[in-house]
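Notes for the one structure printed next.
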Amino acid sequence: MAKLILTKDGVVEREYPLDKESVSIGRRHTNDIQLNDLTVSGRHALVTTLGDNVFVDDLGSTNGTLLNGSRVTKSMLKHGDIIQVGNFQFSYYADEVEDYEPTMFIKAEIEDTKVIDTRTPVDESAKGSRLGAVRVLNGPLAKKVLELRKPFNTLGFNGVKMAVIARENDGYSISGLQSSKLRRASDAPMVNGSALGTSRKSLAENDLIELAGTQMEFFYL
């Protein structure tokens, strides 16, 4: 079944199956997909299935509806298209794609300090250090830049945490997280072509991080 994968700031929030003829998106509670955010209009967009084709329509929204970065009024969707509604993104997956490519997320959080205890703690002096980021190189989020502002930033797919990037006093490091939910052994995180494991590894500019086929480049802003 075709579906929309909702993400915000690169974080996967929910999947919505397109199991009826039309699915409305907007801020009002009467919508099929309610997005409680002022960047979203009350009735913002409509996703309609007509036979084998799926279309997205802008419903006269204030901020418009973007498809792969371009503003649209009505357009037919193809697998992998990105719909932007206010601050939210939907990735469209066609129903003929049985095993779709997982969606990458990155999330800033603190609780992973309980999982990994091999890092140098971040103190106040780190706030003045150079800010790192990762640039997604392929997949639905290609070219998206994700700033690593928080002490701990989790990388993963479809809700499965796979690695943590830590902001330390002298730079950044990455550590893998053990998980029994990976679909394939090859999905495990890698840095510059080598398996990461659960050990801590310092990151250098232009290091290549790969998780489940999605590649990201670490760099400093």
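The values are calculated or read from the model by the stated rules, or taken from the named source; none is laboratory data. Small disclaimer: the values here were computed from a predicted structure and weren't measured. Note that we place each Cβ from the backbone using ideal geometry, even for glycine, and neighbour counts take in every protein chain shown. Each accessible area value is taken on the protein alone, full model and side chains, heavy atoms only, with ligands, DNA and RNA left out. Shrake-Rupley method; radii C 1.70, N 1.55, O 1.52, S 1.80 Å.
When K144, K74 are compared by accessible surface with a 1.4 Å probe, the order from highest to lowest is K74, K144.
Ranking T62, T49 by solvent-accessible area of protein heavy atoms (1.4 Å probe, all protein chains present), from largest to smallest, gives T62, T49.
Taking Lys and Arg as +1 and Asp and Glu as -1, the other residues whose beta-carbon sits under 15 Å from that of T62 total +2.
Distances between placed amide hydrogens fall under 5 Å for D81 paired with Y92, all partners being 5 or more residues away or on another chain. The residues of region 1-84 expose on average 54 square angstrom of accessible surface per residue, using a 1.4 Å probe on protein heavy atoms. The modelled label-to-label distance between T39 and L59, using points 7 Å beyond Cα along the C-beta direction, is 2.0 nm.
Scaling against 2.2 N^0.38 Å puts the C-alpha radius of gyration of region 1-66 at 1.09.
Can you give the accessible area of R135 in Å² (nearest 10), computed on protein heavy atoms with a 1.4 Å probe? We get 80 Å² for R135.
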